[in-house]
Ligand code: FES
Ligand code: MG
């Protein structure tokens, strides 16, 4: 790409430091207070390292030291690295759900960069919401930015058996509930399933989102699958630091990288990876920040065209992210689906995606399959619509029992999660394997924050009978490591009076994945009567961030972004000259 290089006096940070006036004197003297010399920062790109490290987030446990590698790279390339901590959203501990705070992180990222003398950014994230949160903020701010993915943790192990994050916890929990493994076994699994720093090493939301970041062109090529504790991860971090400095000189900002084609590439990759359903919400939100109107239909279209070729759990049966990395990683995968990609899309490297993967290879055809020999012939996700979900809902057909792709059965409705917990394991629950389990009030407003409660647990009495999958419907999300015939993200959600709010136990629900339908067999007049009688539940929050969230968050099919954040579309934000 032909680029005009910026001159040092065109740096954004020069606005703070260059003028010969009192205010700039004050700015400069305070930078010297950091122990820096004039030569450390004058005429040099100042690179923010937005680091989502915290002692409460083991997925980012290596980020405190990894930031030092980024700094080394920035210094080598003649920039000044400045580490800026941002909220660390650890998927596993943040309640009610890390999703409540994705937009919070995006705002924090945007405002950290906006308010301070920063020329470019290295974004350090990976645990689920941190990737979209950082990228959404960086897109809206519009400074040159490069993403450093945390990388997957090592494989889990129990008695020589491989354990995968999430998926195997769910699997062995069912075994434990059925009385087939002991308390001692369970404790050993607990200490063997997460063995190192790094993100979940199944194809959960973390691996899906970092792959998406790479496919969008926002990471160095090949970065997303490097295991967190591999020394190659140090090298990648340093290279990202070096590249961030160059991106500033080249003014390679997100608006020059991200086009509709970038997001279509990300969707195609997500499908080939057998992606987490959460990818839909985050990709829509990121695309709209970049001024691109990606919607549910783009996913459904891609899902019909691109097969799942990454044989990684939970869609695949055997392998984990480390295997995927050594089989050729995302570059290998993209080389296999190159005909579905826009190869002329730009990347942070300054080269096109096509150039980045020109020499990519696959080293294990069982881990990264060919299109002719896929894990699942159609894509990972299907978007269903009907009178139960007029604005759509999603299912991951590749991760559920194919017998349930076309199914009709009576609904068993749970009003909310506490109701579900109280009743699901009762022996007198009236339920059969054909029952459709329904959970309300799990959406963006009702959840609140759209928690990952959509993998409704199977009733204990059916688990004991050997039942392993049932149709489940909710307006919640589910973990990317979950599996089963779970229909999620029903929109509009029940809390705002969507049709899901009108469903009653015993109504027949019909699901038809091949024809992309989801309907309740209740006639229109009856639904109108129920709608007239419906009253809204009380507000979830009276004050604080929760109240702001409730006031501004959008529905799932719109990406759950705040209405007040969706307007900039990557345009440069005007800043007062103070
Ligand atoms: Fe951090 Fe899964 S909990 S990536
Ligand atoms: Mg997750």
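Quick check: Cα centre of region 65-100 to Cα centre of region 398-432, how many Å? Spelled out, the Cα-based centre of one part sits 40 Å from the other.
Evaluated at q = 0.22 Å⁻¹, the base-10 log of the normalised Debye intensity for region 179-316, with identical point scatterers placed on the Cα atoms, takes the values -1.33.
With contacts taken as Cα pairs under 8 Å and at least 6 residues apart, region 10-88 reaches a relative contact order of 31 percent. Its relative contact order, with pairs defined as Cα atoms under 8 Å and 6+ residues apart, puts region 421-578 at 19 percent.
Multiplying the residue separation of residue 408 and residue 175 by 0.36 nm and subtracting their alpha-carbon distance yields 81.1 nm. What is the angle, in °, between the Cα long axis of helix 231-250 and the longest principal axis of the Cα atoms in the chain? Nearest 10 is fine, range 0 to 90. Tilt of helix 231-250: around 60 degrees.
Ordering 248, 564, 413, 467 by the number of other Cβ atoms within 10 Å of each residue's own Cβ, fewest first, gives 564, 467, 413, 248.
Using the Cβ-Cβ distance between residue 195 and residue 5 with R0 set to 56 Å, the FRET efficiency from 1/(1 + (r/R0)^6) comes to roughly 0.80. Along its first, second and third principal axes, ordered by size, region 382-533 spans 41, 33, 30 Å in Cα coordinates. With a simple spin-label model that places each label point 7 Å from the Cα along the Cα-to-Cβ direction, the separation between residue 563 and residue 464 comes to 5.0 nm. For the Cα atoms of the chain, what angle does the longest principal axis make with the long axis of helix 278-289, in degrees from 0 to 90, nearest 10? Approximately 40 degrees, to the nearest ten. Working note: Cα atoms of region 249-361, range along each principal axis, descending, whole Å: 43, 32, 22. Between the beta carbons of residue 504 and residue 115, assuming R0 = 45 Å, the FRET efficiency works out to 0.30 to the nearest 0.05.
Counting only DSSP beta bridges with both residues in the chain, tell me the antiparallel percent, nearest 5. Counting only bridges with both partners in the chain, antiparallel ones make up about 45 percent.
When shorter helices are ignored and each DSSP H run of at least 4 residues is given -39500 (n - 2.57), the per-residue value for the chain at 222 nm works out to -10000 deg cm²/dmol. In angstrom, the C-alpha Rg and Dmax of the chain are 24.0, 80. Shown for 495, 172: other C-beta atoms within 10 Å of each C-beta, ranked fewest to most, produce the order 172, 495.
Residues 170, 549, ranked from the fewest to the most other C-beta atoms within 10 Å, line up as 170, 549.
Rounded, prolate or oblate: which one fits region 326-426, using the alpha carbon gyration tensor with axes a ≥ b ≥ c (rounded when a/c is under 1.5, else prolate when a/b beats b/c, else oblate)? Because a/c hits 1.5 or more and a/b exceeds b/c, region 326-426 counts as prolate. P(r) for region 203-278, from all Cα pairs and a bin width of 5 Å, is 3, 15, 22, 22, 18, 14, 4, 0 %, short bins first. Here, region 458-578 has an Rg and a Dmax of 19.5, 70 Å when only alpha carbons are counted. Shown for region 180-244 is the translational diffusion coefficient from the Stokes-Einstein equation, using the Kirkwood radius over Cα pairs, a temperature of 4 °C and a viscosity of 1.567 mPa s: 93 µm²/s. Which whole-number percent gives the relative contact order of the chain, counting Cα pairs below 8 Å spaced six or more residues apart? Relative CO of the chain lands at 14 percent.
Placing pseudo-labels 7 Å out from each Cα toward the beta carbon at residue 18 and residue 37 gives an inter-label distance of 2.3 nm. Its alpha carbons considered, region 1-141 gives a radius of gyration followed by a Dmax of 16.5, 50 Å. For the chain, the longest principal axis of the Cα atoms and the long axis of helix 63-76 meet at an angle of about 30 degrees.
Taking the DSSP beta bridges with both ends in region 382-533, the antiparallel portion is around 60 percent.
No lab work stands behind these numbers, since they all come straight from the coordinates. Remember, predicted model here, so these are calculated numbers, not experimental data. For neighbour counting, all protein chains shown are included, and Cβ atoms are generated from backbone atoms with ideal geometry for every residue, glycine included.
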